[in-house]
Amino acid sequence: MADYALGFDTSAAHCAAALICGDKVVVSRHVDMARGQAEHLLPLLQEVLDEAGLKWTDLSVLGVGTGPGNFTGIRIAVAAARGLALALNIPAIGIGACEARAWGQRRPCRIVIPARAGEVIWQDFGPQGPLSDPASTPADLLPDGPAEAHHTAIAEGVAHLALSRLGTEQPRPAPIYLRPADAAPARDSGPLILS
């Protein structure tokens, strides 16, 4: 029986999903959206499976984009992947955004992803893998490095890499954050609760 991988990502202003079997992309979807990924992700995944004529139980592995990127978006996808993996009893494998976009590109290369406030997220890759960790910097202050690569569609890269790691020991998917969350706990102490 063929192994199917379903990869998805909500780390930026999109909701993306791709279903692959071997090296073949069976179905791929990318929907631009600034908000609403939590409400659209699972219906989008169901649409992808329906178009392929598959059921959830036909999947061998889930791949999920772990960022860096939008704080809430990353958490949405990672939480969905963990829940689905538990329910389906299949592995969920986390894939970084830069690594997913570098899949299938000629190496060495640099992946540059636009971020907020004039910054970019970037990472360099050599023939054997990453040459650096993902980093964030102003777009005009990128250090010297390999040529910027054309990007692979993120969900397709996530799915291909997850399938390539099927059967290997992998940690549970966890978000990759380059900075702390904008929201922070209140500095004041909470109200006094009287008995």
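Here, each number is a calculation from the coordinates, and none is a lab measurement. Since the model is a prediction, treat every value here as computed from it, not as a measurement. Note that we place each Cβ from the backbone using ideal geometry, even for glycine, and neighbour counts take in every protein chain shown.
If we sort 35-45, 165-175, 93-103, 137-147 on the protection proxy, mean other Cβ atoms within 10 Å, highest first, what's the order?
Going from most to least packed, we get 93-103, 35-45, 165-175, 137-147.
Quickly rank 127-135, 21-29 as a protection proxy: mean count of other C-beta atoms within 10 Å, highest first.
In descending order of packing, they fall as 21-29, 127-135.
Here are labelled values, [x] 17.5; [y] 16.8; [z] 23.9, and one is the computed Kirkwood radius over Cα pairs in Å for what I pasted. Which one?
It is the one labelled [x].
Between the stretch 1-45 and the stretch 132-146, what's the alpha-carbon centroid distance in Å?
Computed from Cα coordinates, the inter-centre distance equals 28 Å.
Quick one: if the Förster radius is 22 Å, what FRET efficiency do A117 and S28 give, using the C-beta to C-beta distance and rounding to 0.05?
According to the calculation, E is roughly 0.15.
Determine the dipole magnitude for the stretch 32-89: charges of +1 sit on the beta-carbon of Lys and Arg, -1 on that of Asp and Glu, nothing else is charged, the reference point is the Cα centre, and the result goes in debye to the nearest 20.
So the dipole magnitude of the stretch 32-89 works out to roughly 320 debye.
Need the full-extension length gain, S164 to Q46, defined as separation in residues times 0.36 nm minus the C-alpha distance. One decimal, nm.
Gain in length upon complete extension: 40.2 nm.
Using the Karplus equation 6.51 cos²θ - 1.76 cosθ + 1.60 (θ = phi - 60°), what ³J(HN,Hα) coupling, rounded to whole Hz, does each residue of the stretch 91-99 give in order, writing x for Gly and Pro?
x, 10, 10, x, 10, x, 4, 5, 4
In debye, nearest 20, what is the charge dipole magnitude of the chain about its Cα centre with +1 on Lys and Arg Cβ and -1 on Asp and Glu Cβ, if you could check?
Dipole about the Cα centre, nearest 20: 240 debye.
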